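Undergrad: Right, I'll just put the structure down here and ask away after.
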Amino acid sequence: MGFLDNYSSQIKGIMRIVFGLLFLEHGLNKMIGFPMAAGATHHAFNLMAFPVGPAGVIEVVGGILILLGLFSRYAAFIASGEMAFAYFLAHFPRSPFPLINGGGEAICFCFVFLFLAAAGPGSFAINQK
């Protein structure tokens, strides 16, 4: 699809912004219970509660950095690792099939963030690091 070649940097930047916002949303849900997921009950955030505490911090800080395009390659690399860890710790033990274990979103986050770490943030970024 050569007609999109001239817009690849802008499309990559928009993808980074959207995935940064989605990642931030997951982190905010862990840390402050907003937005509240259907059927969930809010509990007090505990930074030391493994793995939810550290995951919430990575998702909020990483989501903001990825969203802004500020050191987003580093943030995306760490976020990719967190999502791989989350998949194998929380989802894979339920079933090897992502459709059954609910891990499809973690897999998508993992590989989109790995792509951004390798390819850079695209347009609309504060820096290219």
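Undergrad: Could you grab me the full set of residues in region 1-52 that are modelled with pLDDT under 85 and in a helix (DSSP H, G or I)?
TA: Val52
Undergrad: Let me ask you something else. For region 101-122, give me each residue that is assigned to a loop (DSSP other than H, G, I, E, B) and surrounded by fewer than 16 Cβ atoms within 10 Å (Cβ to Cβ).
TA: Selection gives Gly102 alone.
Undergrad: Kindly list the number of the only condition in (1) charged (D, E, K, R); (2) under 26 Å from Asp5 (Cβ atoms); (3) at pLDDT 95 or above that fails for Lys129.
TA: So the condition that Lys129 fails would be (3).
Undergrad: Search region 67-82 for residues that are part of a helix (DSSP H, G or I) and pair each with any residue that is of a type in the set (Phe, Trp, Tyr) and surrounded by fewer than 21 Cβ atoms within 10 Å (Cβ to Cβ) when their beta-carbon atoms are under 7 Å apart and the residues are at least 6 apart or on different chains.
TA: none
Undergrad: Loosely packed, with under 15 Cβ neighbours inside 10 Å and either at pLDDT 95 or above or within 30 Å of Asp5 (Cβ to Cβ) (or both) - does that describe any residue in region 64-74?
TA: Yes: one or more hits.
Undergrad: Do we find a residue being within 12 Å of Arg16 (Cβ to Cβ), of a type in the set (A, V, I, L, M) and within 13 Å of the chain's Cα centre (by Cα) anywhere in region 68-77?
TA: yes
Undergrad: Now a separate question. Does Phe97 satisfy the condition of being surrounded by fewer than 18 Cβ atoms within 10 Å (Cβ to Cβ), in contact (Cβ under 8 Å) with a residue 24 or more places away in the chain and farther than 20 Å from Gly33 by Cβ?
TA: No; evaluated as a whole, the condition is false for this residue.
Undergrad: May I pose another question? Out of the residues in region 1-25 that are under 16 Å from the mean Cα position of the chain (by Cα) and of a type in the set (D, E, K, R), state the one that is surrounded by the fewest Cβ atoms within 10 Å (Cβ to Cβ).
TA: For region 1-25, the residue satisfying everything is Glu25.
Undergrad: Given the conditions (1) among the hydrophobic types (A, V, I, L, M, F, W, C); (2) touching a Pro at 6+ places or on another chain (Cβ under 9 Å); (3) within 21 Å of Ile11 (Cα to Cα), report the number of the one that Ala79 does not fulfil.
TA: (2)
Undergrad: Taking the condition more than 24 Å from Asn127 (Cα to Cα), touching a helix residue (DSSP H, G or I) at 6+ places or on another chain (Cβ under 9 Å) and surrounded by fewer than 13 Cβ atoms within 10 Å (Cβ to Cβ), does Leu28 pass?
TA: Considered against the rule, which asks whether it is more than 24 Å from Asn127 (Cα to Cα), touching a helix residue (DSSP H, G or I) at 6+ places or on another chain (Cβ under 9 Å) and surrounded by fewer than 13 Cβ atoms within 10 Å (Cβ to Cβ), Leu28 comes out as no.
The values are calculated or read from the model by the stated rules, or taken from the named source; none is laboratory data. Fair warning: this is a prediction, and the values are worked out from it, not measured in the lab. Don't worry about glycine lacking a Cβ; one is built from the backbone with ideal geometry, like all the others, and counts go over all protein chains shown.
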